[in-house]
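Comments concern the structure below.
The values are calculated or read from the model by the stated rules, or taken from the named source; none is laboratory data. Everything numeric in this text was worked out from a predicted model, so none of it was measured. Every residue, glycine among them, receives a Cβ derived from its backbone with ideal geometry; neighbour counts consider all protein chains shown.
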């Protein structure tokens, strides 16, 4: 039996605090679209910030960045299936609305 201990690199608390501060900044920018008129740029801005925040939370706080690649593959397969079901439901509603 081996007594070797395998250590993994884990981020420091400072890293998580910095990540939370960046996410708070993105959230403040998203909230500012309520008071500041961005015109036609508002929707693409919100969608871009939403996507960035999703992947930052996914990689950092869900630890997919540090876990086995298998967990990432399983997550992305589930995400793809959920997206497919969502798109199919939207298409069905559009089809029956006519």
What's the number of the condition residue 75 fails, among (1) in the same structural domain as residue 17 (by TED's automatic domain parsing); (2) closer than 30 Å to residue 9 by Cβ? (1)
Could you check how many residues of the range 24-78 are in a loop (DSSP other than H, G, I, E, B) and either in contact (Cβ under 8 Å) with a residue 24 or more places away in the chain or surrounded by 11 or more Cβ atoms within 10 Å (Cβ to Cβ) (or both)? 8
